[in-house]
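Since the structure comes first, as structure tokens, the remarks are kept for the end.
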């Protein structure tokens, strides 16, 4: 989506003025109602690091979530790939890759997590003369900075006279369109790099505009940054290459998205083929917009990280609405052979540990033996435990451990504890959050080399939290001696 280097800005309500005939009168009615009414909100997640710095102010509010919302369930049914969104007044507008009868489908919602409603008609009025129908990808809509200026749409389309994809521009007076393309040559079309796709806009605090994109040839696929003119309609300087694929990343990199958080530029990007299950979201950070960018140590979204609940997550876009950040992305729900897949839109609250993003809905594991052990609990070698060690035994009522965990936003989280208890009697543990008792869990007896799990639901504050686990006495029955392998925050 459109974004700036500083605090996000919300646009005031606008009355739609349609140009062209591609959008029906029904769209005008839907948009007119949508822009004039609706609430706001949504929720985030966790990711671990060894230290525990103070959380970033971004994403600290508890999000408002509609009934039945889950960060691992689509918010737009069917295909709505490569999503991007903006907020206009009290209404959120999302845009996706061509599908069905729309070159650019549009959906609206009263809050980032929905409920989302597809708008009738097509958000893109037509294609420029250089573009071939049926190949419009990855739309990026940028709101006007001043009254009277148009909404800008950067889109990818296949060129008629060459087997390459290029980035074009369209404008509209309404966030719902119809966007009318500017004819002439594409804005970006580096033929020597196989064309360009996946445009993303970034606007600095001083108003300087930039466009990110991916060069399309597989052998040279990389993320590029180009400065634009003040109106966003033309290139102001040659593009610079920011980063390419690393050896631990599948196939190629694409789908850039840039924000500024924790005093650094944070570049989200996808790695892999969008139609395969190993498609994933990664990030890199830099002190300057031009780099150099240092890649994060691992993906922040992948099929494995979600435990298969979301498959092939990627093409992430950050939506900032003034109360927090949300990550829009697509996942694969159906395979139709070859590169044909169904990719609905998902929305997950997004939090920050400085410049490190944390996505709500991605389970994060914390090794208990790496926590603060209080003396009667120690790290025990256990070959079949995660990391080869566990913490225990919880042999007395004063035995305990404190584990630091990160929550992207305030809210309820499930904490899964993997344990073993071979003492022959159940063991009850109190779970405290930041020093206050919050729940209790029972470690039932286990046998042999077996490990079991138990879950507690607790409320965490945004940022770093301390989970304390202590053995509970006074139950009137023999107390067991359990061991803890890891905690997983979901």
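Got at least one residue in the stretch 277-292 being free of Cβ contacts under 8 Å to residues at least 12 places away in the same chain, surrounded by fewer than 18 Cβ atoms within 10 Å (Cβ to Cβ) and either under 27 Å from residue 142 (Cα atoms) or not assigned by TED's automatic domain parsing to the domain that holds residue 118 (or both)?
Checking the stretch 277-292: at least one residue is free of Cβ contacts under 8 Å to residues at least 12 places away in the same chain, surrounded by fewer than 18 Cβ atoms within 10 Å (Cβ to Cβ) and either under 27 Å from residue 142 (Cα atoms) or not assigned by TED's automatic domain parsing to the domain that holds residue 118 (or both).
Each row is one residue, and each column tells you yes or no for (1) closer than 25 Å to residue 341 by Cβ; (2) surrounded by fewer than 24 Cβ atoms within 10 Å (Cβ to Cβ).
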| position | (1), (2) |
| --- | --- |
| 64 | no, yes |
| 73 | yes, yes |
| 78 | yes, yes |
| 89 | no, yes |
| 95 | yes, no |
| 99 | yes, yes |
| 102 | yes, yes |
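State which residue pairs qualify: first residue within 15 Å of residue 217 (Cα to Cα) and not assigned by TED's automatic domain parsing to the domain that holds residue 312 and inside the stretch 236-260, second residue assigned to a strand (DSSP E or B) and modelled with pLDDT under 95 in any location, beta carbons under 7 Å apart, and separation of 6 or more residues or different chains.
Here the result reads none, with nothing in the stretch 236-260 linked to a residue that is assigned to a strand (DSSP E or B) and modelled with pLDDT under 95.
Could you please let me know if residue 316 is crowded, with 24+ Cβ neighbours inside 10 Å, within 28 Å of residue 241 (Cα to Cα) and under 13 Å from the mean Cα position of the chain (by Cα)?
yes
Output the number of residues of the stretch 366-376 satisfying the condition of being surrounded by 15 or more Cβ atoms within 10 Å (Cβ to Cβ) and at pLDDT 95 or above.
7
Regarding residue 412, is this residue in a strand (DSSP E or B), farther than 30 Å from residue 320 by Cα and either under 33 Å from the mean Cα position of the chain (by Cα) or in the same structural domain as residue 485 (by TED's automatic domain parsing) (or both)?
It is false that residue 412 is in a strand (DSSP E or B), farther than 30 Å from residue 320 by Cα and either under 33 Å from the mean Cα position of the chain (by Cα) or in the same structural domain as residue 485 (by TED's automatic domain parsing) (or both).
What number of residues in the stretch 180-208 are in contact with a strand residue (DSSP E or B) (Cβ under 8 Å, 6 or more places away or on another chain), within 22 Å of residue 318 (Cα to Cα) and in contact (Cβ under 8 Å) with a residue 24 or more places away in the chain?
10
Which condition number in (1) over 23 Å from residue 296 (Cα atoms); (2) surrounded by 21 or more Cβ atoms within 10 Å (Cβ to Cβ); (3) assigned by TED's automatic domain parsing to the domain that holds residue 473 is the one that residue 406 fails?
Just one mismatch for residue 406, condition (1).
Would you confirm, using the coordinates I've provided, whether residue 297 is modelled with pLDDT of 95 or more and under 27 Å from residue 462 (Cβ atoms)?
Against the criterion (modelled with pLDDT of 95 or more and under 27 Å from residue 462 (Cβ atoms)), residue 297 qualifies.
Mind checking which residues of the stretch 387-407 are closer than 30 Å to residue 71 by Cβ and modelled with pLDDT under 95?
387 - this is the single residue of the stretch 387-407 that is closer than 30 Å to residue 71 by Cβ and modelled with pLDDT under 95.
Somewhere in the stretch 179-189, is a residue touching a helix residue (DSSP H, G or I) at 6+ places or on another chain (Cβ under 8 Å) and modelled with pLDDT of 95 or more?
Taking every residue of the stretch 179-189 in turn, none turns out to be touching a helix residue (DSSP H, G or I) at 6+ places or on another chain (Cβ under 8 Å) and modelled with pLDDT of 95 or more.
Please verify whether residue 116 is more than 26 Å from residue 214 (Cβ to Cβ) and either outside the structural domain of residue 314 (by TED's automatic domain parsing) or out of contact with any helix residue (DSSP H, G or I) (no Cβ under 9 Å at 6 or more places or on another chain) (or both), treating the condition exactly as stated.
Yes.
Restricting attention to the stretch 105-133, which residues are crowded, with 21+ Cβ neighbours inside 10 Å and within 21 Å of the chain's Cα centre (by Cα)?
105, 106, 107, 108, 109, 111, 112, 113, 114, 116
So in the stretch 86-105, with the set limited to residues that are out of contact with any strand residue (DSSP E or B) (no Cβ under 6 Å at 6 or more places or on another chain) and not in a loop (DSSP other than H, G, I, E, B), which one is nearest to residue 347 (Cα to Cα)?
87
Which residues, taken from the stretch 248-259, are out of contact with any helix residue (DSSP H, G or I) (no Cβ under 8 Å at 6 or more places or on another chain) and either closer than 17 Å to residue 84 by Cβ or buried (at least 18 other Cβ atoms within 10 Å of the Cβ) (or both)?
Residues satisfying the conditions are 249, 253, 254, 255, 256, 257, 258, 259.
Would you be able to tell me the number of residues in the stretch 127-155 that are on the phi > 0 side of the Ramachandran plot and in contact (Cβ under 8 Å) with a residue 40 or more places away in the chain?
1
Among residues belonging to the stretch 201-242 that are more than 22 Å from the chain's Cα centre (by Cα) and part of a strand (DSSP E or B), point out the one that is surrounded by the most Cβ atoms within 10 Å (Cβ to Cβ).
215
The values are calculated or read from the model by the stated rules, or taken from the named source; none is laboratory data. Because the structure is a prediction, the values reported are computed rather than measured. With ideal geometry, Cβ positions are generated from the backbone for all residues, glycine too; neighbour counts draw on all protein chains shown.
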